[in-house]
């Protein structure tokens, strides 16, 4: 296993924003960074990264944690795999891990598909560069396209030999199991290599791992498909990935713009000419998952598609998907004899970019020119085209943007604006009712499958635990955020908390709260102070998630109020300075609730005990009077707590 000393070094070295920015586009907001959550579909950013606290938190879906938790959740890594990823990123050497036989088997099962694909990638590349067949067939093809060794290495290009079982035999000799090789689609059901006599394109995930392959046939054989691809597997979902996204992600973020093309060679050729913010749909229609992937890095997308009917149809569908995700979609349709690969070769980098800038149309111009203008003069055909345009307009969620495009559409189509508005409103109502019906049907299906109960709370709602859960949770939050602060009396806040609650400590009853209090005490014994990182970085998922939730701030006081507008908080202290009064209110409230609960129990005891003047009855009455007196003092104190 990785030593605790090495784990500490990894945590001390890594910067959470640098880890997450490999996968999510982040923008500065105050002291934090903000972006679109990669774990759920959202249109308004609610994913926050706090470099000072070393945590991320999504206020939409609730996921949160440190950089290692992010890697485990996003990349489906095990804990050791996530640590290795971070270590590799920062050049930290990790000793070889030693697993028990059971751990080895479990790790092997989880990592096996990636390992086999990594082997296949190296096999195809070796065949391309080191064999006579690969050099004379595959390498000649790539060199003919102008690809040098740097590009071949960058995109992990390769060659699958003519032999029917070369990869299979090599993989088996290397110790890989046939079932796994078949599961990845590298071997067909007949037992032969699936990819044969084809140049190979490796498909990577966002972290650069090979997850699938595409093979292009060389020569003309109309009986064989030009391209064949890996099947979907546990590590490859083609509707959630774009070819070249690993190589393009930094450039897309830097340019704040994504070029979307149709083919593998289009991507590589544009990279050759220094245009790197480009990805490909890889022969399939653009999907919602792919548009969400683009949106992580930018909201500006330009489709560069072929001018044939298939390319125009694909652009038409893609526009709607991009608009649904609130991306600014533009389209460039190339001449029928061109594709991005051939166009950039003819024009060069500057000429190609200038051509894109001059010829790109926004979605409205494109829809009108390819739907309305090309429709026959038959009013029904024209009406059909207008309804398609209206349907697209209804996908724009921002009301102001939609209104501006509606006005423009009315002018371009020479149709009264109120007619367009009426049609758009009909489309919006239809979409709303369709969504409601779909949501109801999905819920009913979930109930039938037993996944949720008819009265279970929806996602995002709080799961209330035991009695006084919120007050006990507030206590933990107080300790995590301000436990090491010093009060005006000179006493540390955590000392004050534990002393004040000493007589009601045993009445705390939430399992997770008690566990966290125990860990806080351990941290105090170990460090002399509360170390929040101990709770965030613990392997106990429940503890870690609650710790992140409690120290995350969805909003922050803007210092620009004072710097730019000379607006200051005059009647109260800033939140980070008000912890002493916060502590008093939280502790008094919690103690008061506990006392009142004990009073109820005592009253119940008096009710159940015969009023015969017995010693037990008298003791209960004394306890009751003491508790009532304490209750009155606490209630009075709570009413006099005023924020200054």
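What follows is calculated from the coordinates using simple rules that are stated; it is not laboratory data. Not measured: the values here are computed from a predicted model. In this analysis, Cβ positions are derived from the backbone assuming ideal geometry, glycine residues included, and neighbour counts consider all displayed protein chains.
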On the Cα set of the range 245-422, report Rg and Dmax in Å, please. 16.6, 50
Computed over the chain: relative contact order in percent, which uses C-alpha pairs under 8 Å that are six or more apart: 8 percent
If I fit a long axis through the Cα atoms of helix 309-324 and take the longest principal axis of the Cα atoms of the chain, what angle between them do I get, 0 to 90°, rounded to 10? 10 degrees
What's the angle, to the nearest 10 degrees (0 to 90), between helix 379-393's Cα axis and the longest principal axis of the chain? 40 degrees
Take every Cα pair under 8 Å in the range 138-271 that's 6+ residues apart, average their separations, divide by the length, and report that relative contact order as a whole percent. 21 percent
For a Förster distance of 41 Å, can you work out the FRET efficiency between the beta-carbons of residue 145 and residue 79, rounded to the nearest 0.05? 0.45
For the range 4-89, what are the per-bin percents of Cα-Cα distances with bins 10 Å wide, up to the bin holding the maximum? 18, 53, 25, 4, 0
With Cα coordinates, the longest principal axis of the chain makes an angle with the long axis of helix 245-255, in degrees rounded to 10, of 80 degrees
Return P(r) of the chain (all Cα-Cα pairs; 20 Å bins starting at 0; whole %; ordered from short to long distances). 14, 38, 32, 13, 3, 0
Spin-label model distance (nm) - residue 511 vs residue 625, 7 Å beyond Cα toward Cβ: 4.2 nm
Kindly provide the Kirkwood hydrodynamic radius of the range 3-147 in Å, to one decimal, from all pairs of distinct alpha carbon atoms. 18.2 Å
Counting only Cα, what are the radius of gyration and maximum Cα-Cα distance Dmax of the range 101-236, in Å? 14.9, 51
As a test of the formula, what do you get for the chain when each DSSP H run with n ≥ 4 contributes -39,500 (n - 2.57) and the sum is divided by the residue count, at 222 nm and rounded to the nearest 500 deg cm²/dmol? -16500 deg cm²/dmol
Calculate the FRET efficiency for residue 217 and residue 500 from the Cβ-Cβ distance with a Förster distance of 56 Å, rounded to the nearest 0.05. 0.15
With r defined as the distance between the Cβ atoms of residue 2 and residue 232 and R0 fixed at 35 Å, what FRET efficiency is calculated, to the nearest 0.05? 0.60
What length, rounded to one decimal in nm, is gained on full extension from residue 377 through to residue 15, with 0.36 nm per residue of separation minus their alpha-carbon distance? 124.1 nm
Additional length obtainable on full extension of the chain from residue 404 to residue 335, 0.36 nm per residue less Cα span: 21.8 nm
Quick check: from the Cα gyration tensor, does the range 322-430 come out rounded (a/c under 1.5), prolate or oblate? prolate
So what is the relative contact order of the range 245-422, in percent, for Cα pairs below 8 Å that sit 6 or more residues apart? 18 percent
